[in-house]
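What follows is a short report on a single structure.
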Amino acid sequence: MENNKHKDFTDGVLLIYKQFLLIFFSLGLFICALLYVKADPSFSFFRKSENTIAYVVIDEDKIENGIHLSTGLIDAEGLMTVVHNCTNCHSAKLVTQNRMNKERWAETIDWMQEKQNLWDLGTNEEIIINYLVKNYPVEKKGRRQVLTNIEWYELEN
Amino acid sequence: MKRRNFIKKAALSSLATIVGADIVFGNMLPSGYELLALQDSDPFKMFGKDKEMVVLNDRPWNMEAKAHLLNENITSNKYMFIRNNGKIPENIDVNTWKILFDGESVKTPKTYTIQELKEKFSHHTYQLTLECGGNGRSEFNPPAKGNQWTIGAVSCATWTGVRLKDVLDDVGVENDAVYIGYHAADTHLSGDPKKEPISRGVPMAKAYQEETILAFQMNGKDIPLAHGYPLRLIAGGWPASASGKWVDGISVRNKVHDGTKMTGTAYRVPCKPVAPGEKVKDEDMCIIESMPVKSLITYPKSGALIKEGDKLKINGHAWAGELAVAKMEYSIDFGSSWTACSLEQPVNRLAWQQFSAEISFPEKGYYEIWAKATDDQGVSQPMILPGWNPKGYLNNACHRIAIKVQ
C-alpha cells in the first residue's frame, strides 16, 4: 500500500515533469522561431536558390509596370517587333531618348539601312514606326524650357 | 542577421567574379531585386566614372557629366564625358601598336610605333577643351536625332603627346594636301569589319597647329581606355569627334576627308540659316569647324537655398573653340541686366578659362543665374536656343541655375 502510494506519487511527479519539459521545450522552440523570424523575416536562409547565380539571370521578356525590363521600352503594340529589329546593334536607350514624327523615323530607318547595315524591315517598318510615334511622341519644347528637376538643398556658406 | 548577410555577400562575390567587378552597393540590393543585364559590367566601375555621371547610351557607350561635377579646372577622368560611336577595341598591346601615315598626299607611307613617336619627337602638354558637337542637343525644337546631351559633354583635361605637324614633316607631305583623316581600332556596332564607326579629320591648317597632338597621356597618366588608349589625336576647340580615339592611321588627303561621319549631315550644320524643322539638302550642309563661345556655372549646384542677406559666390568655366573668351557676365533678372564676372586667362590656347563672381540678391524669392560669355571677336552666347539645325549641333545658349533666397 505504502509502496503503491509512493509509486503513484512518483509517477505523478514524472508525468508533471514530462509535461513541464514538453511545455518548456515548445516554448523554447517558439521563442527561437520568433527570434529567427525577427532576424530573417523573408526566411532567406532556407531559400538558397534565391542567392545563387541562377537567381539573377534576367527574364528577357519580363514586363513590369508597363515597361519591358531588359530594354526599358514601353509595353505596347509592336514592342517585340521593335525589340527584335532595333536593339541588335545599338541600345534601346538610343531609341527611347529620341522623339520624332513618322516622316523623320522613316528617314532615320533609311539612314540606318544605307550606313549602318540595317536589314529590310518589310511590313515591320510600319509596325515599328507606329509604335515609336505613339509611345514616344514629339513634345513641343519652344525656344527655351522652364528649369525642371531642381533638387533644392541648403547651401552652407 | 549576420548569417544572412554572409550568405548574401558570398553570393554577391561569386556574382562579382562573373561580372568581373565588385557589385558596388551590392549589400544594399533589396532581396528579390534582379540585376539588369548581367553581361554588362558596371560602367562606372569599368570606366572609373563618378556615380553621378549620366549614362545616355550603353551600346555604344555615351555618358555625360552634370554642371557641378565639372568644377575642377582640369577635368578628371571620373567626370569626363564619353562619346563612343562603335565598340571599344579589345586586347590592346601598347608595345605593338602602330600608326600608319598614308593617303594621296604623303610622299611615301610610313609607320611608327608609339615608342618611336615618343623617342623621335619632342613632347608637349596642353590643357585642351573637348566638347561634343551635339552637346545641348536635347533642347532643340523640333527635336534632333541622336544622343540627347544636356550640358555635360565637355571636358578640359591635360593631354601630352607629340605634335602632329612634327610627325607630318617627318613623313613628308605633298603640296596638294587638303585634309587629314584619322582611322582607328574601334569596331562597327553591326559587327561589319569593313565599316569604320567613325573616321573624321581636320583641314591641314588645324593639323599644323602647335596644339594639335598625337597624345599618349591624359592628366599625366596613360589615356583611359574609354578615352582612346593608347593613342589619341587631339584637336582642341573643334567638335570632339575630330579628336579620334584609338588612332592607328592618319590619311593625308588631297581633298576633304570623306570618312564615316564626315559626309551627309554628320557634324554639319546648314551653310545658310534655316527655319526650325526645315529640310536641308546634304549639299547645303557645311562641316563644323570651331565650336562656339560657351560657359558653365559649375558652382554652386543648381537648387541652392540661401538666406536673405547672404552673398553667393559663383564660379565656372568659359571657352570659345578656336578663340579666347574676352568677357564673362551674369544676370539674376532673366537677362534684363548683366554684371561682369572676373575672368582668368587660359593656361594655354584652346583651354577653358575660369570665371567667378559674388552675387547679392535684392529680396527673397526665386532666381535664375544666367551666365553669358563673349569671345574675342565680340560674339556672345544667346539666351534662347541658337539657330535650329537638323542634327542639333552647337547649342551654346546660356547656362542657367536656380537659386532661392529665403
Considering residues that are within 26 Å of the chain's Cα centre (by Cα) and basic (K, R), the number found within segment B:344-378 is 2
Go through (1) outside any strand (DSSP E or B); (2) within 14 Å of chain A (Cβ to nearest Cβ); (3) under 20 Å from the mean Cα position of the chain (by Cα) for B:D310 and report which single condition fails.
(3)
Counting only residues in segment B:124-153 that are part of a strand (DSSP E or B) and of a type in the set (A, V, I, L, M), the one nearest to the other protein chains (Cβ to nearest Cβ) is identified as B:L130
All but one of (1) in a strand (DSSP E or B); (2) within 9 Å of another protein chain (Cβ to nearest Cβ) hold for B:K301; which doesn't?
(1)
Please identify the pairs in which a residue from segment A:135-157 that is at the interface with chain B (Cβ under 9 Å from one of its Cβ atoms) has its Cβ atom under 7 Å from the Cβ atom of a residue that is loosely packed, with under 12 Cβ neighbours inside 10 Å and assigned to a loop (DSSP other than H, G, I, E, B), counting only partners at least 6 apart or on another chain.
A:R143/B:I384; A:R144/B:I384
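Residues checked against (1) in a helix (DSSP H, G or I); (2) away from chain B (no Cβ under 12 Å):
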| position | (1), (2) |
| --- | --- |
| A:E77 | no, yes |
| A:T81 | yes, yes |
| A:H84 | yes, yes |
| A:H90 | no, no |
| A:M100 | no, no |
| A:R104 | yes, no |
If you scan segment B:367-406, which residues turn out to be part of a strand (DSSP E or B) and more than 10 Å from every other protein chain (Cβ to nearest Cβ)?
B:Y367, B:I369, B:W370, B:A371, B:K372, B:A373, B:T374, B:D375, B:S380, B:H399, B:V405
So, first residue more than 15 Å from A:S91 (Cβ to Cβ) in segment B:40-68, second residue of a type in the set (D, E, K, R) and assigned to a loop (DSSP other than H, G, I, E, B), Cβ within less than 6 Å, six or more apart or across chains; the pairs are B:F44/B:K51; B:H68/B:K301
Which of the residues spanning segment B:314-343 are within 22 Å of the chain's Cα centre (by Cα) and outside any strand (DSSP E or B)?
B:G321, B:E322, B:A324
Out of the residues in segment B:280-296 meeting the condition of being surrounded by fewer than 18 Cβ atoms within 10 Å (Cβ to Cβ) and either touching a helix residue (DSSP H, G or I) at 6+ places or on another chain (Cβ under 7 Å) or free of Cβ contacts under 8 Å to residues at least 40 places away in the same chain (or both), tell me which one is farthest from the other protein chains (Cβ to nearest Cβ).
B:C286
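Okay, residues lined up against (1) within 21 Å of B:I180 (Cβ to Cβ); (2) exposed (fewer than 14 other Cβ atoms within 10 Å of the Cβ):
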residue	(1), (2)
B:E104	yes, yes
B:T108	yes, yes
B:T113	yes, no
B:L117	yes, no
B:K120	yes, yes
B:E131	yes, no
B:G136	no, no
Suppose the filter is under 30 Å from B:K107 (Cβ atoms), in contact with a strand residue (DSSP E or B) (Cβ under 7 Å, 6 or more places away or on another chain) and of a type in the set (D, E); does B:D248 pass it?
yes
Determine, yes or no, whether B:Y33 is hydroxyl-bearing (S, T, Y) and at pLDDT 90 or above.
no
Matching entry among B:S290, B:S295 (being within 23 Å of the chain's Cα centre (by Cα), outside any loop (DSSP other than H, G, I, E, B) and of a type in the set (S, T, N, Q))
B:S295
Counted residues in segment B:245-268 being under 19 Å from B:G103 (Cα atoms), more than 20 Å from the chain's Cα centre (by Cα) and either surrounded by fewer than 18 Cβ atoms within 10 Å (Cβ to Cβ) or not small (G, A, S) (or both) come to 10
When you check B:G264 against the structure, is it outside the structural domain of B:L394 (by TED's automatic domain parsing) and not hydrophobic (A, V, I, L, M, F, W, C), yes or no?
yes
Which ones in segment B:184-206 are outside any loop (DSSP other than H, G, I, E, B) and within 14 Å of chain A (Cβ to nearest Cβ)?
B:T187
Exactly one of (1) farther than 30 Å from B:G392 by Cβ; (2) modelled with pLDDT of 90 or more is unmet by A:K5. Its number?
(2)
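The values are calculated or read from the model by the stated rules, or taken from the named source; none is laboratory data. Here the structure is a predicted model, which means the values were calculated and not measured. FYI the Cβ positions are ideal-geometry reconstructions off the backbone, even for glycines, and counts take in every protein chain you see.
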